[in-house]
Amino acid sequence: MSQTPDKPRVLVGVTGGIGAYKSCELVRLLQRRGFSVKVVMTEAATRFVSALTFRTLTGEPVATSLWADEAESRVHHVSLAEEADVMTIVPCTANVIAKLAHGRADDMLTTTALATEAPLVIAPAMNTHMWRKDVTQRNVAALRARGVVFVEPGTGELACGDVGEGRLADVALIADAIEAEARRSRDLAGVRVLVTAGGTEEPIDPVRFIGNRSSGKTGFAIAEEAARRGARVSLVTGPTHLGDPYGCEVVRVRTALEMRAAVLARFDAADVLIMTAAVADFRPAAFAAEKIKKHEAPDAVPLERNPDILAELGERQSGVLLIGFAAETTDVVGNAREKLRAKRLDMVVANDVSDPALGFGTEANRVHIITPDAEEALPVLDKRVIARELLDRVASRLTPQKER
Ligand code: PMT
């Protein structure tokens, strides 16, 4: 890396999995995107792809052992760790994830990963059952809590012949995540951001509820991206299977009324409110304390209206930057613009949820970002990229206020 000091530097760690051949492609892609790349491999990785392949691709020595004579004046794993702007491990096995989660450092790759202060991006690849095991998911959660970025494995045919989750993510997506870490700025340092996510559940009886298909992915992506850019983030979320995002205060609620209470309690301390939550507009008027028996089922469930949290806060004219989301199936921009006006918002993010492949529960979405005097149509993007795009606009709205 010393010969191209002007380029951002990525240290690619390769572990022993069949996906190792794809890290050759990743190295090439990163170079094309303007990064200087070095490689560190586990001994097992060298069984899949030779160090010579990476040496040829990068023009740099490849670190494979703590004991090799690299003719370095400094301890090699420390110098590699310090030089890197981003470290990534692609593919990353369950074994290496476990080692990192427990702070073990017994080879060149894990020693370097422990020593580095650079952001770490991990793209796991393994058999479905290994990926889904509680112990693996606990290790992933522990690393996430320390700020490690995971590029989740995809679903498909695996090397072992199984079909399922565990396939190495698309190389371009991994490169996007690395690039985001390398170029991430701290433009939200000190800004207090309140985000809501997920859908609310409105109980009918102890086991039944009215709900919707919001997964929380959009809100969680925004909360995590804001925290990584330096914001102090509170995330109020409805029920979701997602683990806590990095660096946020997370408040888990169930109903619209609980969400309202949690948001109101934090609103006065916020500079920005971003409401991605799909809040139920109605709740059952009565809650049956015992499970309703099939033969006692009522002909109808009377409903009553939930408070509109965002409209209530818009009324206050508080100076907090208010951003709503609007899920629409017809006249997407027109209806969203009407919500912007009625709820007195600064910005509304409109999504067309008539296409079941986009919006609720999906990885990607297509949104329009609408302000009182402008509107922008974004292409179909991963929700993490939408989070970055949205927060770029938030940051540019806040800068003049900070300077005043
Ligand atoms: O969670 P994901 O699976 O990633 O899905 C993301 C999403 C599709 C849920 C998200 O992109 C989205 O569109 N969220 C808003 C959906 C919605 O309920 O829109 P709405 O038109 O009902 O509400 C408009 C705005 O008012 C929203 O910001 C909502 O949070 C807010 N609202 C709505 C009702 C209510 N009682 N109180 C509110 O504050």
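Given 20 °C and 1.002 mPa s, how large is the Stokes-Einstein diffusion coefficient of segment 118-190 in µm²/s, with Rh as the Kirkwood radius over Cα pairs?
159 µm²/s
Within the chain, what whole-number % of the accessible surface is contributed by carbon and sulfur, with the 1.4 Å probe and all protein chains included in the calculation?
Here it works out to 51 percent.
Using a 1.4 Å probe and counting only protein heavy atoms, arrange His241, His102 so the residue with the most accessible area comes first. Display every interim value, and only then the final one.
Working: His241 155, His102 130 Å².
The most accessible residue leads, giving His241, His102.
Leaving out ligands and nucleic acids, and using a 1.4 Å probe, what accessible area per residue does the chain come to in Å²?
Per-residue value: 47 Å².
Accessible surface of Ser354 in the full protein assembly, 1.4 angstrom probe, to the nearest 10 Å²?
Here the residue's solvent-accessible area equals roughly 60 Å².
Percent relative contact order of segment 9-185, based on C-alpha pairs within less than 8 angstrom and at least six residues apart?
Dividing the mean separation by the residue count of segment 9-185 yields 23 percent.
If I stretch the segment between Arg104 and Val333 completely, what's the gain in nm (0.36 nm per residue apart, minus their alpha carbon distance), one decimal?
The Arg104-Val333 span can extend by a further 77.2 nm.
Would you please classify the overall shape of segment 9-185 from the alpha carbon gyration tensor, given that a ≥ b ≥ c denote the square roots of the eigenvalues, rounded means a/c under 1.5, and beyond that prolate means a/b larger than b/c while oblate covers the rest?
rounded
Return the calculated 222 nm mean residue ellipticity for the chain, to the nearest 500 deg cm²/dmol, obtained by summing -39500 (n - 2.57) across DSSP H runs with n ≥ 4 and dividing by the residue count.
-10500 deg cm²/dmol
By per-residue mean of other Cβ atoms within 10 Å, what is the highest-first order of 10-17, 158-165?
Values: 10-17: 27.5, 158-165: 14.2.
Order by mean packing, descending: 10-17, 158-165.
As an exercise, use a Förster radius of 25 Å and the Cβ-Cβ distance of Ala159 and Val380 to find the FRET efficiency, rounded to the nearest 0.05. Don't skip to the answer; put the middle values down first.
Numbers: r = 30 Å, r/R0 = 1.18.
Efficiency, rounded to the nearest 0.05: 0.25.
Sticking with the crude label model, points 7 Å out along Cα→Cβ, report the distance from Asp6 to Ala189 in nm, one decimal please.
2.6 nm
Taking the highest mean first, how do the peptides 144-153, 196-205, 317-326 order by number of other beta carbon atoms within 10 angstrom per residue? Before the final figure, lay out the partial values.
On the way: 144-153: 17.3, 196-205: 23.3, 317-326: 19.3.
Averaged packing, sorted descending, gives the order 196-205, 317-326, 144-153.
With the convex hull built on the Cα atoms of segment 1-56, state its orientation-averaged projected area in nm².
Across all orientations, segment 1-56 yields a mean hull projection of 3.6 nm².
Show me 109-120, 211-222 ranked by packing, highest mean number of other Cβ atoms within 10 Å first. Intermediate results must be reported in sequence, preceding the final value.
Numbers: 109-120: 21.0, 211-222: 23.0.
Top of the packing list down: 211-222, 109-120.
With label points built 7 Å along Cα→Cβ from the Cα atoms of Gln31 and Ser50, find their separation and express it in nm.
In this crude label model, Gln31 to Ser50 measures out at 1.7 nm.
With r defined as the distance between the Cβ atoms of Arg316 and Ala172 and R0 fixed at 51 Å, what FRET efficiency is calculated, to the nearest 0.05? Don't jump to the answer; show the numbers that get you there.
On the way: r = 44 Å, r/R0 = 0.85.
Efficiency, from the Cβ-Cβ distance: 0.70.
Relative contact order (percent) for the chain, with alpha-carbon contacts under 8 angstrom and 6 or more residues of separation?
Here the relative contact order equals 10 percent.
What's the lysine pair count for the chain at a Cα cut-off below 29 Å, pairs eight or more apart or interchain?
21
Once you have all Cα-Cα distances for segment 201-338, histogram them in 10 Å bins from zero and send the whole-percent values.
10, 36, 33, 16, 4, 0
How do Tyr21, Tyr246 stack up against each other in accessible area, from largest to smallest, with a 1.4 angstrom probe?
Result of the area sort, largest leading: Tyr21, Tyr246.
Using the Kirkwood radius built from alpha carbon pairs, what does the Stokes-Einstein equation give as D for segment 316-385 at 37 °C and 0.692 mPa s, in µm² per second?
264 µm²/s
Using the C-alpha atoms of the chain, what convex hull volume per residue, in cubic angstrom, is computed?
It comes to 169 Å³ per residue, whole-number rounded.
Rounded to the nearest 0.05, what FRET efficiency do Tyr21 and Asn212 give with R0 = 60 Å and r taken as the Cβ-Cβ distance? Could you check?
For Tyr21 and Asn212, the calculated efficiency is 0.90.
The values are calculated or read from the model by the stated rules, or taken from the named source; none is laboratory data. Note that the coordinates shown come from a computational prediction; the quantities given were computed from them, not determined experimentally. Cβ atoms come from the backbone with ideal geometry, glycine included; neighbour counts cover every protein chain shown. To get the accessible areas, we keep the full protein, side chains included, count just its heavy atoms, and leave off ligands, DNA and RNA. Shrake-Rupley method; radii C 1.70, N 1.55, O 1.52, S 1.80 Å.
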